[in-house]
Amino acid sequence: MSKGLLIVLSGPSGVGKGTVCTALRKRVPELIYSVSATTRQPRLGEENGVNYFFKSQEQFLDMIEKDQLLEHAEYVGNYYGTPRDFVEETLNSGKDIILEIEVQGALKVKEKFPEGIFVFLLPPSLDELKDRIQGRGTENQATIEHRMSVAEQEISLLQQYDYAVVNDEIDLACKRIESIIIAEHCKINSKSK
Ligand code: ADP
Ligand code: 5GP
């Protein structure tokens with residue numbers, strides 16, 4: 001049995017990764033979602049084990065120590081990481097999995113899984129990105145400014161990705177990513193998936 005595809009959806013905070021990923025999973029229900037671990041506090045409505053595995057700093061450092069994370073990164077004052085076993089088991093069972101992670105982590109995954117499909121989600125403009133972070137209403141002004149300065153550095157790493165998808169409209173962005181997945185499944189004699 002051939003392995004599943006590892007799809008990494010990355011891009012700056014507020015670009016719409018979460019929104020697009022949720023919509024994509026409705027369109028492609030067989031796509032498995034990798035739930036990350038984080039030390040960030042849950043936002044209103046977020047559930048442990050569904051949105052994230054919420055961990056204390058001590059628990060997170062223990063996961064790193066035990067090599068339970070495929071990658072991890074510190075992002076704007078909190079740790080985020082991808083549980084390793086779930087990703088490997090899903091791929092080995094022939095299913096596709098999507099990781100929705102920030103840019104440093106995505107590039108670490110690329111070192112370990114160069115055969116992965118790396119998709120960078122772009123905002124239509126930086127002004128629109130700021131409006132989206134502000135409109136989400138989950139961060140204070142200082143954190144918004146911090147996330148915006150990180151965003152500009154992240155966008156400069158775009159060339160290291162396989163695909164760039166503009167999230168102008170959620171439905172269009174989803175269709176573009178779905179097309180990428182379909183095309184990658186149709187590839188012959190390229191990267192061994
Ligand atoms: P990320 O996961 O990249 O941090 P979110 O999915 O939380 O981003 O989206 C940030 C905000 O932008 C949310 O309020 C979301 O509703 C909004 N948003 C996402 N995609 C679009 C879009 N295509 N057009 C307008 N608003 C969007
Ligand atoms: P948020 O706090 O807005 O949920 O996430 C902040 C950033 O961390 C987002 O860009 C999100 O994609 C990223 N992120 C979420 N999970 C992971 C992960 O497991 N690893 C890494 N490197 N980044 C993650």
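Observations on the structure shown:
- Any hit, region 133-144, residues being away from ligand 1 (no atom under 15 Å from the Cβ) and in a helix (DSSP H, G or I): yes
- Among the numbered conditions (1) of a type outside the set (Val, Ile, Thr); (2) closer than 19 Å to Phe86 by Cβ; (3) more than 16 Å from the chain's Cα centre (by Cα); (4) surrounded by 12 or more Cβ atoms within 10 Å (Cβ to Cβ), the only one that Leu9 does not meet is (3).
- Residues of region 156-180 satisfying the condition of being within 13 Å of ligand 1 (Cβ to nearest atom) and in a helix (DSSP H, G or I): Ile170, Asp171, Leu172, Ala173, Cys174, Lys175, Arg176, Ile177
- All positions within region 108-167 that are free of Cβ contacts under 8 Å to residues at least 12 places away in the same chain and buried (at least 17 other Cβ atoms within 10 Å of the Cβ): Glu139
- Of all residues in region 62-72, none are surrounded by 13 or more Cβ atoms within 10 Å (Cβ to Cβ), within 25 Å of Gln159 (Cβ to Cβ) and within 16 Å of ligand 1 (Cβ to nearest atom).
- Residue count, region 130-157 (criterion: among the hydrophobic types (A, V, I, L, M, F, W, C) and either at pLDDT 95 or above or within 25 Å of Leu5 (Cα to Cα) (or both)): 2
- The residue list Arg27, Arg43 contains one member that is loosely packed, with under 15 Cβ neighbours inside 10 Å and touching a helix residue (DSSP H, G or I) at 6+ places or on another chain (Cβ under 8 Å), which is Arg27.
- Any chance Lys108 is within 30 Å of Ser2 (Cβ to Cβ) and at pLDDT 95 or above: yes
- Residue that is farthest from ligand 1 (Cβ to nearest atom), among those in region 89-111 that are within 23 Å of Ser13 (Cβ to Cβ) and not hydrophobic (A, V, I, L, M, F, W, C): Glu111
- Within region 110-150, tally of residues that are out of contact with any helix residue (DSSP H, G or I) (no Cβ under 9 Å at 6 or more places or on another chain) and among the β-branched types (Val, Ile, Thr): 1
- Considering region 1-120, the qualifying helices (runs of 4 or more DSSP H), each wholly inside and each with 2 or more residues that are closer than 18 Å to Val165 by Cα, run over 17-27, 103-112.
The values are calculated or read from the model by the stated rules, or taken from the named source; none is laboratory data. Predicted, not measured: the structure shown is a model, and the values here were computed from it. When we count neighbours, we look across all protein chains shown, and the Cβ atoms used for this are built from the backbone with ideal geometry, even at glycine.
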